[in-house]
Each structure stands twice: as structure tokens, then as C-alpha cells.
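Notes follow once the structure below has been shown.
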Amino acid sequence: MTAPILRRLSELRAKHADWIQDGETVAVVPTMGALHAGHLSLVEAACAACDRVIVTIFVNPRQFNNAADLANYPRTEFEDAKKLSGLDVDVIYVPDGDQIYPVGYSSNVSVSGVADVLEGEFRPGHFDGVATVVAKLFLQTGAHQAFFGQKDFQQLMVVTRMARDLDIPIKVIGCPTVREVSGLAMSSRNLRLSAEGLDRAAKLYPIMQQVVARLAGGEGFAPLADEARSKLAAAGFNDIEYFDLRCAEQLQLLERPTRPARLLVAAWMDGIRLIDNIAVDVLTV
Ligand code: AMP
């Protein structure tokens, strides 16, 4: 059954009030639409965890630091609703712009620390936009649990920090990255790559896996990163913004995975910015 699309906060609040009165738990899955199997895996996890599930679709202008990226971002509401119809979703919340940023809107949620590096460095203002809209969606939906992808690992850390810092009573849950058969992490931005571009982009994941395997064998990160950057350039990535080994708690740079760590990458392919990350096992010797 297709879930109703609600565009006004008052409609969402009315549904929410009924659910809470009945003692039901509520999950939210925030998205920007152009849904793929990665998003749907979050929805499935939400359906398994809570009685009611709200999927939000809002292309948040405040988190785009590049006007062309915002203008080109795919908008596929009809197809998105169809994809969600196979799942047990209760409401698709597609707020009109003024429901998030009404005339006179003047507030900003800014997270420091984990938000300052990586994406924070290369996309100034991006995480202010993310933290602001996610704080609003948490408060508007009144959800008990929120589901995010580890695909955007730093974003997951930023929204977790934000909810904790602002005492928003919600549990933030990170779900594994869903990949194409080729290994390429699913992303709405992949829609903008040609078939040939997708093939070249798929070389990223095996290169990351090789680095992780050699870290496990005791090699230091710096020479591995140099080698990986050369391989990525040869594969057609023309701007590798970061290729970092960082601790998974505070995102500090590491040379060896002596504590839980993550390999995180941002690189451009054919004018499309792709990001990916994978877990790195702790080196015990
Ligand atoms: P987006 O619509 O790109 O803002 O993403 C909405 C949510 O889906 C975020 O929590 C993302 O981390 C998550 N997501 C995006 N791609 C994937 C993927 N390939 N696997 C799992 N989750 C994903």
C-alpha cells in the first residue's frame, strides 16, 4: 500500500499524536529522495525496529555548498513513493520549503569537533545545513529512533553528537553501506555517471579494500595512501580530496589502526563527487 505523502507539519503532528496516544513507537528515515536500495535498507531496519515509520524527503538547500550540485540533484518523488510502496511505511513527509524554513527563519545548528574535518573542510557550511535540518526533522517527527547510513559515516557521527548535545530524545542508529555488485557504494549521485564512468568509479572500493588488508598486515598508512592515490588517479579520479585513515570515535588522523578506525575517501569522477568509507580492523600486534 502506498503511504500518504504529507507536506505540512500540522498533518504530520496529527498522525504523530494518534500514534503516541496508542503507545506506538515511531522511526524516522531522513533522505533527500532519489531513493535506491541503500535508502530502502534503512527503511527496512526502521520497520523492523518501530511500530510506525516516517520517511522524509527534503532536498535541503542549506547543506549544498555548490549551487550547481543543488540544481542538478535528482528529484524523483513519484518513483520514490512507488519504491516505498513495497515496504511498511506509514507516512512519506515531503515538507514544503516553508515548513522547514519559514519566512524570517534565522536559526542555525552548528556542531564542532567531528564536523570540522573531512567533509567539514571541503564543504564549508555543509554540516551546519545537515545538523540544522536533521534537528528540525527530529523535532518535527518526534521520532524515537532515527536511521542513517554508514555510507555517510561522518554525517552519522555529527547527527549523533547533535542529538546528544541538544538533549533530543532520539536513538540514532547507523546501518551498513549497501553496494552495487561492482562494489561501488550506492548513491543518488551515481545516477549522473555514464556506464563507463560507473565502471571506473567501481575501482575505488577494491583499492580501499587492498589498503585495509595491507594495514592488517602491519604496513604504515602513508605509503599505502600514496600508492592508492596513484591508482585512483590512473582509474580516472581527477581530484582526490581526502584519502584518510582516522579513528572511528573522534576522527583523528592515524598512521596505524591501533584503535577502531575508518578509511574515508572523497574523490571526483567525471565532475561527480563521490564519498566512501570502510571499517578498519584494530591492529593487535
Ligand atoms: P541522502 O538521501 O543521500 O541524503 O541519504 C539519506 C540516508 O541514506 C543517509 O542516512 C545516507 O547515509 C543513507 N545512504 C545513502 N546511501 C547509502 C548506501 N549506499 N547504503 C546505506 N545507506 C545509504
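Evaluate the stretch 193-201: report whether one residue or more is more than 7 Å from the ligand (Cβ to nearest atom) and within 24 Å of Ala49 (Cβ to Cβ). Scanning the stretch 193-201 turns up no residue that is more than 7 Å from the ligand (Cβ to nearest atom) and within 24 Å of Ala49 (Cβ to Cβ). Checking each residue in the stretch 114-127 for being touching a Leu at 6+ places or on another chain (Cβ under 8 Å) and assigned to a helix (DSSP H, G or I) picks out only Val114. Criterion applied to Ser230, Ser188 was being among the small types (Gly, Ala, Ser) and crowded, with 18+ Cβ neighbours inside 10 Å, and the one residue passing it is Ser188.
Within the stretch 128-141, is there a residue that is open to solvent by 30 Å² or more (accessible area, probe 1.4 Å), farther than 20 Å from Gln250 by Cβ and in a helix (DSSP H, G or I)? Within the stretch 128-141, one or more residues are open to solvent by 30 Å² or more (accessible area, probe 1.4 Å), farther than 20 Å from Gln250 by Cβ and in a helix (DSSP H, G or I).
Selection of the stretch 154-192 for residues being part of a loop (DSSP other than H, G, I, E, B) and within 11 Å of the ligand (Cβ to nearest atom) yields Pro176, Thr177, Val178, Glu180, Leu184, Met186, Ser187. Every test in (1) open to solvent by 70 Å² or more (accessible area, probe 1.4 Å); (2) farther than 20 Å from Ala185 by Cβ; (3) in contact (Cβ under 8 Å) with a residue 24 or more places away in the chain is passed by Pro223 save one, and that test is (3). If Thr76 satisfies every condition in (1) touching a Ser or Thr at 6+ places or on another chain (Cβ under 7 Å); (2) open to solvent by 30 Å² or more (accessible area, probe 1.4 Å) but one, which is the exception? So the condition that Thr76 fails would be (1).
Which of the residues that make up the stretch 43-68 are more than 12 Å from the ligand (Cβ to nearest atom) and closer than 23 Å to Gly120 by Cα? Scanning the stretch 43-68 gives Pro61, Arg62, Asn65, Asn66, Ala67, Ala68.
The residue list Arg200, Arg214 contains one member that is over 15 Å from the mean Cα position of the chain (by Cα) and touching a residue at least 60 places away in the same chain (Cβ under 8 Å), which is Arg200. Against the conditions (1) open to solvent by less than 40 Å² (accessible area, probe 1.4 Å); (2) over 21 Å from Gly142 (Cα atoms), Val89 satisfies every one except (2). If the condition is being closer than 29 Å to Leu184 by Cβ and surrounded by 19 or more Cβ atoms within 10 Å (Cβ to Cβ), then the stretch 163-173 contributes only Val172.
Taking only the stretch 233-247 into account, find how many residues are at pLDDT 95 or above, out of contact with any helix residue (DSSP H, G or I) (no Cβ under 6 Å at 6 or more places or on another chain) and under 30 Å from Leu193 (Cα atoms). Result for the stretch 233-247: 7. Is it true that Thr141 is within 29 Å of Arg200 (Cα to Cα) and either of a type in the set (Val, Ile, Thr) or outside the structural domain of Ala49 (by the TED database) (or both)? No: the conditions fail for Thr141.
Residues being over 15 Å from Ala233 (Cβ atoms) and either touching a Pro at 6+ places or on another chain (Cβ under 9 Å) or outside any helix (DSSP H, G or I) (or both): count how many of those fall in the stretch 193-209. Of the residues in the stretch 193-209, 3 are over 15 Å from Ala233 (Cβ atoms) and either touching a Pro at 6+ places or on another chain (Cβ under 9 Å) or outside any helix (DSSP H, G or I) (or both). All of Leu40, Leu87 fail the test of being within 16 Å of the ligand (Cβ to nearest atom) and either assigned to a loop (DSSP other than H, G, I, E, B) or of a type in the set (Lys, Arg) (or both), apart from Leu87. Of the residues Ala213, Ala222, Ala248, Ala228, which single one is of a type outside the set (Val, Ile, Thr) and within 16 Å of the ligand (Cβ to nearest atom)? Just one listed residue meets the conditions, Ala248. For the stretch 142-153, the tally of residues that are open to solvent by less than 10 Å² (accessible area, probe 1.4 Å) and part of a helix (DSSP H, G or I) stands at 0.
The values are calculated or read from the model by the stated rules, or taken from the named source; none is laboratory data. This one's a predicted model, so the numbers in the text were calculated from it and none came from an experiment. Quick reminder, even Gly has a Cβ in these numbers, built from the backbone with ideal geometry, and neighbours come from all protein chains shown. To get the accessible areas, we keep the full protein, side chains included, count just its heavy atoms, and leave off ligands, DNA and RNA. Shrake-Rupley method; radii C 1.70, N 1.55, O 1.52, S 1.80 Å.
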